[in-house]
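K.L.:
My structure is below; once you've seen it, I'll send some questions.
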Amino acid sequence: MAFQPNDFRPRQQFGAPDLDMTPDGRFRRPASLPLGTRIGVIAVVVAVLAGAIAVAALLLWAAVLLIPVAIVAAVIAYVAFRVQLWRARTGGRITVWTPRR
């Protein structure tokens, strides 16, 4: 089947943008969004910001709860280090208590 010249149809551009210009060559302002849409957009932005603040507060709360755990771990590590120094000083002998003979 060969190409026929009358088979060609120009592409139709549905919803192509219109250039709305004034007679002196300036562009007109586009129509603003309806009031309901603007309120909806503002509500979504506020909800996203509130969610982000809530997540940040939750993470900060979790970090504050971990501070005592970190302090206890540091104390345990310090005691373990001092015990290792004490054992090295005594030659590895641990004589905390010996029964009487």
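K.L.:
Go through (1) more than 33 Å from the chain's Cα centre (by Cα); (2) modelled with pLDDT under 95; (3) open to solvent by 100 Å² or more (accessible area, probe 1.4 Å) for ILE76 and report which single condition fails.
P.N.:
Tallying (1) more than 33 Å from the chain's Cα centre (by Cα); (2) modelled with pLDDT under 95; (3) open to solvent by 100 Å² or more (accessible area, probe 1.4 Å), ILE76 fails exactly one: (2).
K.L.:
Quick one: what pairs do we get from the range 24-42, first residue without any contact (Cβ under 8 Å) to a residue 60 or more places away in the chain, second in a loop (DSSP other than H, G, I, E, B) and among the polar types (S, T, N, Q), C-beta under 8 Å, 6+ apart or different chains?
P.N.:
Matching pairs, first to second residue: ARG28/THR22; ARG38/SER32.
Listed here are the residues, each with its yes/no results for (1) at negative phi; (2) in a loop (DSSP other than H, G, I, E, B); (3) at pLDDT 75 or above.
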{"residue": "ARG11", "(1), (2), (3)": "yes, yes, no"}
{"residue": "ASP24", "(1), (2), (3)": "yes, yes, yes"}
{"residue": "ALA43", "(1), (2), (3)": "yes, no, yes"}
{"residue": "LEU49", "(1), (2), (3)": "yes, no, yes"}
{"residue": "ALA52", "(1), (2), (3)": "yes, no, yes"}
{"residue": "ILE71", "(1), (2), (3)": "yes, no, yes"}
{"residue": "ALA80", "(1), (2), (3)": "yes, no, yes"}
{"residue": "ARG93", "(1), (2), (3)": "yes, yes, no"}
{"residue": "ARG100", "(1), (2), (3)": "yes, yes, no"}
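The values are calculated or read from the model by the stated rules, or taken from the named source; none is laboratory data. Only a predicted model underlies this, so the values are computations on that prediction, with no experimental measurement involved. Here Cβ is always computed from backbone atoms with ideal geometry, including for glycine, and neighbour counts include all displayed protein chains. Side chains included, ligands, DNA and RNA excluded: accessible areas come from the protein's heavy atoms. Shrake-Rupley method; radii C 1.70, N 1.55, O 1.52, S 1.80 Å.
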